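The values are calculated or read from the model by the stated rules, or taken from the named source; none is laboratory data. What you see is a predicted model; the values in this text were computed from it and never measured. When we count neighbours, we look across all protein chains shown, and the Cβ atoms used for this are built from the backbone with ideal geometry, even at glycine. These accessible areas exclude ligands, DNA and RNA; they are computed on the full protein's heavy atoms, side chains included. Shrake-Rupley method; radii C 1.70, N 1.55, O 1.52, S 1.80 Å.
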Amino acid sequence: MSPIVLINIILLSASHSVIGSDPEKENAREEKLRSGLIDAFQNIKKASSKGGDDDLSPDLIGSMIPIPKPNKNEKFTTDDSFDLFADDDGLTFAEAFGNVETEKRVSTTETSHNVQHIVKTTKQVEKTTAKPSNIIGKLADSIRNTVNESRMQITTVSNDTQFLGLESMLRVMDAEILVQQWGELQKSVSGQCKEDLMEYVEGLQDKLLWALKMEDASGRYTSMFYWGNNYWTGSAELCSILNDLHAPSRNQNRSSGSQIFTDWRQDVSVSGLGPPFETAFYNVRMTISSDLPDIVRTRRTLHLGLCLPRTCSREQVAQLVNSVHAPLLRHKVVTVRSPEHGGYTYLSDPTFHILLAISCIVGLLLISATIYDMRIAREVRTRRRRVDNMTVAENGASDLKLDLNSLDAITVSKGKSMYTVNNNNSEERLTAETASTDGELKLSVWSELLLSFSMKANILQIFDQSVGSDTVPEVHGLRCLSMVWIIFGHTCIVVFKYADNTALRAILEKSFWFQLILSAVYSVDTFFCLGGMLVTFLYFRTSAKGKLERLTKGHRKFTAGVLQFLGLMGYRFARLTAPYLFMLGVVEVTMKWFANNAVFEPPAMDNETCPKYWWRNLLYINTLFPVEQMCMLWSWYLSDDTQFYAVSAILLILATSHFKLSAILTGLFFLSSLLTTGFVSYSSEHIPNSEDPFTQFDKIYDKPWTRLGPYLVGMLTGWILFKTNLKIKMGVIWAWVGWAVCTATFLFLIFGLYTTELDVVSAAVFSALSHSLWAACVGWVIIACSTGHGGWVRPLLSSPLFYPFSRVTYCAYLVHPVVLRYVAMHLTHPIHLGELLVFVLFLGLTVISYFLALVISVAFEAPIVTMLKIVAPQKKPHRV
């Protein structure tokens, strides 16, 4: 006998015998009914737990009909509201056994799972018209738990549940959504775009290979959403390659060696016909949010790649995506980018025309100067050989062998230097004034200016292993190490921006050694300190030798001071501006191309700011304006350094006649810089921390009045070196104390913020003093090494290996962010961060940056430096 028949017999018996029964019999019948019903439902439970419904009676099971998926506005119901067992007349167990109104309650939550209705297919016995008794009402509560438990078992068996995986909850737009909602989405597009999208939808419905490839090229949620993956880019390469027809080759090589690749090519479907229209890749940047904070806690920016017909404009794609009804997320399109719809070409840009013309002119000068240099060097050697042979013949020593290497040397005839060549030292010397003798070649000023572009001479100058007497060798090591530190820090910033696991930074920031990366901001203070030290040391050295009097001789003190100031500023402007202005043009052109043709968005809006505000960079005043308007963001250092150079020039010129006044002004400037930095930090409640060292960039980081301190510390260092003439007597104990304090300060500034929380006051003090303290420690290193108290640090920092890299540091600083952006903007997929990957990228970018820096230096910087020496008031042989 089936369980359902047993249940009906028990119910009928109870309904006919309930009237006129005494209480004891009612309790007995109630207990008997409860036991029977519980046994019946236990049988149901056992049958369902076996993983199928084969053991259930057909009278009980009937048809398993899944509930349709609810709309957004529909609300799920609670367990008590499901009509699990209904007869042909629609009477439910709730109506038969209990209060109908109570059992029809509807839940307001939307998190309930979909449970299938189970409806009988066999005809039940006729429903009794008698009023349900209290016994049956009590049974309802007794068996409800068993019913619900059995129902959950049956739900688990069901294949059509309402459970949504993360891949379904994070859907925004895919092929399934496009096909299902096409009736509404087609209203958002028009023209040929609409027709091509219709073909795409039909191709998806027919499961055509080209349509599946387009869907495969589009981006979607894959993984690591909660690990910071905001780039669902898909594959721009696959979308682009679909425009080409790849018919399989008829003459395929069937040898065993190539069969593997043949099968592989067929497996990945690189052959086959493309879609009936041209495709284009679109990168849609949108903001997403959700009503369920457990899924998306805050508004996030998502980059979604879509492979769609090329006839669709970016505006139409934005309207299409905005019209999509995502299952769970709410989204809003911010912008749409498409490399195929870039709208920018180099040939239509006037800036590119100027850069191309300059490059051609400079390239022609470099080639011509190099050929001319080699020709006159050969001619000088020939003349010197002829003269020496004649001398040997006159002295009767014709049998002596001539050592050609000893012939080329610096020759001074009647106070005038000659063009000579020395192969052993790999150096050449030339001047504008030469004597017309048999052994020398007279050069004009124009010839010497042309030779300033000689690649041979400039490269030899850069790789020269000697330094001048007025140079502090330790500067080269400090400059190189600081530049490498800057490149490493910038590399980490870029890869973090375009990574699919950006949340890894939150983990890495907790690492002790990660503070080395975050503290790279202090490397700029090293450059400020070196700049102040060199300009002060060299100015006093030059002034002591009386060389500055040639420019100001015969003028009053004020006029002489003005001339000196103009001379110093003119020299600096001429030396820095040529490569700087060229790189400004390169940045503008490349960023315009990236903004219109790259898959990823550029890290800055230089394509908009550079055409408008490039003149601020040319005048070195761009840090006096908001950072949003700054072109070539890393040029803030050049602007500040030039402004500091102008201040130092005034102070140094004043020091020659009013030293105490100059010293007082220097102290006031230093103190005001500290107080200003502290006040700005305190008023803006700036808390320096290890998470973001660039907070308050536009208020504290790049402003000259907050960064003047390290430069003034460098000026003090240069004055000490000049006054002591690089000779300071210091005991061993004091030297060790100085190095211990310096090392402790370095370590404190680098690792001091690790797991440290500052309040507003202490943060203001730290912001005001930290950069100047770093510069003070750098000053100690320079003084200790220059005066013989550097120990093993001195030979390390003054190693000749650093000289070539140090001489191209300025160009390396200009070039390396462009290299970083070039690499990032040519990515079509985000980077997956890893310690080894970041280190390899850093090494590769460093090598490329220094190579390009050498090219820029040879083409622009070195020729300008050589020409400045030629036109200087004191004409002398210059090193090339």
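Observations
- Note on GLN186 and GLU379: the extension gain reaches 61.6 nm, defined as 0.36 nm multiplied by sequence separation minus the Cα-Cα distance.
- FRET efficiency, LEU661 to TYR682 (Cβ-Cβ, R0 22 Å, nearest 0.05): 0.10
- With every protein chain in place, the range 567-691: carbon and sulfur % of accessible area (1.4 Å): 69
- Links that overshoot a 24 Å alpha carbon limit, given the list LYS660/LYS729; LYS194/LYS332; LYS187/LYS592; LYS703/LYS869: LYS660/LYS729; LYS187/LYS592; LYS703/LYS869
- Measuring nothing but protein heavy atoms, the accessible surface of the range 298-377 at 1.4 Å probe radius is 65 percent carbon and sulfur.
- For the range 701-810, the Kirkwood estimate of hydrodynamic radius, built from reciprocal distances between every pair of different alpha carbons, is 16.0 Å.
- The H on the amide N of ASP500, modeled in the peptide plane, is under 5 Å from the matching H of ILE831, HIS832, LEU833, each at least 5 residues off or on a different chain.
- Per residue, the accessible area of the range 286-378 comes to 52 Å², computed with a 1.4 Å probe over protein heavy atoms only.
- For PHE281, distant residues with modelled amide H under 5 Å away: GLU340
- Whole-Hz couplings from phi, Karplus 6.51/-1.76/1.60, listed for the range 495-502; x for Gly and Pro: 5, 5, 5, 10, 10, 9, 9, 5
- Chymotrypsin sites (Phe, Trp or Tyr not before Pro) within the range 731-811: DSSP coil, no more than 12 neighbouring Cβ in 10 Å: TRP792
- Accessible carbon and sulfur surface of the range 722-880 relative to its total accessible area, %, 1.4 Å: 75
- Per residue, the range 523-647 exposes 41 Å² of accessible surface when a 1.4 Å probe is rolled over the protein heavy atoms with every protein chain present.
- Percentage of interatomic Cα-Cα distances in the range 593-692 larger than 18 Å: 67
- In the full protein context, the range 730-804 carries 50 Å² of accessible surface per residue, based on a 1.4 Å probe and ignoring ligands, DNA and RNA.
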